[in-house]
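Engineer: Below is the structure I would like to discuss, written out as structure tokens.
The values are calculated or read from the model by the stated rules, or taken from the named source; none is laboratory data. Just so you know, these numbers come straight off a predicted model, no measurement behind them. Cβ placement follows ideal geometry from the backbone for every residue including glycine, while neighbour counts extend to all protein chains displayed. These area figures cover heavy atoms from the full protein model, side chains too; ligands, DNA and RNA do not enter into them. Shrake-Rupley method; radii C 1.70, N 1.55, O 1.52, S 1.80 Å.
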Amino acid sequence: MFWFRCFLAFCILFNFRIPIVYNSNVLAIFCSIVYYLLFPELFVTLFYLIKQRIVGYIFLGLTVVILLSCLPGLIHGTSDFYIVRGFILQFSLFLGGIIAYPIWMEGAGERQFLRILDIIICCFGAQSVIEIAGFIAPPIANVIHLFQKEEVAEIGVGFRALALSGNPFFDLAAGFGLCYLLFFYRLITEYAGKISISQIALFTLLVIGTFFAGRTGFVGLLIAVIYYFIVMGQPLYRKFLQFLTIFLLIGLGGLSIYWVLPFEIQSLVTGTLLPFAFEFLYSYFDEGTLTTVSTDMLSEMYFTIDWQTFIFGDGKYINPDGSYYLYTDAGYMRNILFYGIFGTMVLFAYHLLFFNRPIRISLSELIARGKIGSYNDLLFWLLLLIYTLVLHYKGEVVGFLMITQVMLFWLSLAYCKVFLKRTV
């Protein structure tokens, strides 16, 4: 049953193309409906879930954002509604998640949040296995490309675009980064920081998967490590020793796997994959600067604009040739250029809906009981928010990025235990 739940979550979370069916989200909805017909009592749970206030607020907020995104194109006369497509897709993914959610939480009781953590982490672990298999075996990579958009599959050379995902680049890398926070939270709350071989193996998979997805994911790893060291409950020296053990075993395991790979795969790892993943280190040793091509380009994505654009936006999201308006893909810049500052504030307000109630719950628990767990929970949610705000500097994340928004939606529902009374 756990693997069926993971299958549904994988299909919704990564939303990859499926010929005839259209996409994996549609497949997940279909499978969920079949399950409902076999166990019709879940319809009661679904009805109870839909009535919850947090669900209504999030869907209402998304509806407002969709309507808001139509205004700049109308007000400025640009007829640019391209961004609306992304929010409509987000709506459909939330719908798939709502339908599948009672199946995931069946019998979870008080452990709803831990279960959704397990499911999400399992999905990213499975995605890493797929990426590794596609990297080692080209026939598998060819099969993966059948489930990708043509423009994505064409990039699938060497180690890129090997994930079974609708967007195997920035979107997926951001998801891996968020998953690190979930991993360390799970390690601290469920296992009291104790490291096992299975957890090291899973963490290794996540790190390797991030290599293929993009360096952006390591921003999440950095924030997750900070979280691990500042949470309460264990002496600092023990955390340091455990953390050192994890990376030592990962290094030894990585070297062992490397030496048994075929020579051509070894060459691809050392000549392409590692220079891409650790470009900033290569740059430091060669030139003495911790920079990458991406960071150099990103510094050019922010520039001075006039006050009218800052306040009202230009109502332009893409150029006639399909490229980004003013050739910038930086998140804050794109929002201001399209919406202006007031529309951008509405988008950020929508994003905060995913954090509002979990932060209030953890804060009230901390004030009322003063428990270490409440402090760690509050820190966890604040760092999740900080992570999305930091990543938004590079690309559109806040309120927009599919994988992270879907993950935040599931996490907020599970943490708030929105239908605990109806679970068995």
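Engineer: What FRET efficiency do you get for residue 114 and residue 198 if R0 is 22 Å and r is their Cβ-Cβ distance, rounded to the nearest 0.05?
Structural biologist: 0.85
Engineer: Percent of accessible area on the range 26-132 owned by carbon and sulfur, 1.4 Å probe?
Structural biologist: 74
Engineer: For each pair in 371/394; 239/371; 51/371, compute the distance between the two Cα atoms and list the pairs where it is over 26 Å.
Structural biologist: Exceeds cut-off: 371/394; 51/371.
Engineer: Let me ask something additional. Taking 0.36 nm per intervening residue step and subtracting the Cα-Cα distance, what contour gain separates residue 386 from residue 226 on full extension?
Structural biologist: Using 0.36 nm per residue and subtracting the Cα-Cα distance, I get 56.4 nm.
Engineer: Same structure, new question: Considering only protein heavy atoms, what per residue accessible area in square angstrom results for the range 308-362 with a 1.4 angstrom probe?
Structural biologist: In whole numbers, the range 308-362 has 45 Å² accessible per residue.
Engineer: Rounded to the nearest 10 Å², what accessible area does residue 152 show when all protein chains are kept and the probe is 1.4 Å?
Structural biologist: Ignoring ligands and nucleic acids, residue 152 comes out at about 10 Å².
Engineer: Taking the Cα centre of each part, how many Å lie between the range 135-153 and the range 174-218?
Structural biologist: If you average the Cα positions of each part, the centres end up 25 Å apart.
Engineer: Taking all protein chains together and a probe of 1.4 Å, list 93, 164 from the most accessible to the least accessible.
Structural biologist: The ranking, largest first, comes out as 164, 93.
Engineer: Gap in Å between the Cα centre of the range 343-369 and the Cα centre of the range 73-96?
Structural biologist: Each part reduced to its Cα centre gives a spacing of 25 Å.
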